[in-house]
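J.: Got a structure here, written out as structure tokens. Questions coming.
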Amino acid sequence: MTAVAENFVDFKNVWLAYNDELLAQNHFAVEDINLQVKQGEFIAIVGPSGCGKSTFMKLTTGLRHATKGSIHVDGQPVNGPLKISGMAFQAPSLLPWRTTLDNVLLPLEIVEPYRTHFKEKKD
Ligand SMILES: Nc1ncnc2c1ncn2[C@@H]1O[C@H](COP(=O)(O)OP(=O)(O)O)[C@@H](O)[C@H]1O
Ligand SMILES: [Mg+2]
């Protein structure tokens, strides 16, 4: 069995400016996040619109790179989109022209390593 890092999610002094222009103005979407989540721990982040909840999720899942600081998930630095993560959206994001099952299968159709074998294994 592989050892699991003590802190499954580990943010150290994480800042994010969404682009160079905002960075030049010292305008950060999130500032100096320090947060650790242990394996199996359940956390909720609550705050007003625009406080950085979605930005935090984008950083954790590797959809955005931190401008400063370090982010580790399961002991590995996050440098790109994480395959082990999933996100449930606040608003419905189903494709109305697909069946329920085809909506559920959509990620497997798009994301490697599943997409390569999707057609042959679909049944
Ligand atoms: N793509 C973007 N470009 C520039 N600023 C952004 C972008 N997305 C979010 N922001 C800004 O980052 C801050 C945090 O936003 P966000 O993480 O979406 O907040 P929440 O999810 O808590 O409502 C806000 O000031 C928002 O305007
Ligand atoms: Mg949000």
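J.: Checking Leu106 against (1) more than 16 Å from ligand 1 (Cβ to nearest atom); (2) in a loop (DSSP other than H, G, I, E, B); (3) surrounded by 10 or more Cβ atoms within 10 Å (Cβ to Cβ), only one condition comes out false. Which one?
T.: Evaluating Leu106 over (1) more than 16 Å from ligand 1 (Cβ to nearest atom); (2) in a loop (DSSP other than H, G, I, E, B); (3) surrounded by 10 or more Cβ atoms within 10 Å (Cβ to Cβ) leaves (2) as the failure.
J.: What residue, among those in the range 40-63 that are in a helix (DSSP H, G or I) and more than 10 Å from ligand 2 (Cβ to nearest atom), is farthest from Val30 (Cα to Cα)?
T.: Thr60
J.: A further question follows. Can you name the residue in the range 13-39 that is of a type in the set (D, E, K, R) and either within 13 Å of ligand 1 (Cβ to nearest atom) or not in a strand (DSSP E or B) (or both) and, of all such residues, is farthest from the chain's Cα centre (by Cα)?
T.: Glu21
J.: Let me ask you something else. Filter the range 40-64 down to the residues that are more than 9 Å from ligand 1 (Cβ to nearest atom) and in contact (Cβ under 8 Å) with a residue 40 or more places away in the chain and list them by number.
T.: Leu59, Thr60
J.: Next up: So, in the range 66-100, of the ones that are at pLDDT below 95 and aliphatic (A, V, I, L, M), which residue ends up nearest to Asn13 (Cα to Cα)?
T.: Result: Leu82.
The values are calculated or read from the model by the stated rules, or taken from the named source; none is laboratory data. Keep in mind that this is a model prediction, so the values were computed, not measured. Every residue, glycine among them, receives a Cβ derived from its backbone with ideal geometry; neighbour counts consider all protein chains shown.
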